[in-house]
């Protein structure tokens, strides 16, 4: 008769080994040596900051300008006009945490329809 106790001991030892080995390896341990460039080019991208306050009022600031009020139905045309001047521009969305989610989604839709890059600003 075949004894199963030695087989189960072996199975448990293998199981413990693989569990320990898989938890010790980190999947993000890829080290890449990036090439260096001799010439450096600075690209300045236009940042259109879209602000939505807790009352649902929209404001837009381009670069370091002071924000000015924009009607929600005019936001798409305004951002399209900025994009026509500089196609590398991106939108930084600063939305109050208390506004309705549909306000944020409307700006996301505008950016998606016009192939604009968009980042959502958060605080630390």
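Some points to look at:
- Counting neighbouring beta carbons within 10 Å and listing from fewest to most, the residues 14, 108 come out as 14, 108.
- Divide the volume of the convex hull around the Cα atoms of the stretch 47-120 by the residue count and you get 81 Å³ per residue.
- As a calculated quantity, the FRET efficiency between residue 68 and residue 108 at R0 = 30 Å, using C-beta atoms, amounts to about 0.85.
Read-outs throughout are calculated quantities, based only on the coordinates presented, and are distinct from any laboratory measurement. Computed from a predicted model, the values in this text were never measured in an experiment. Cβ coordinates were reconstructed from backbone atoms using ideal geometry, including for glycine residues, and neighbour counts include every protein chain displayed.
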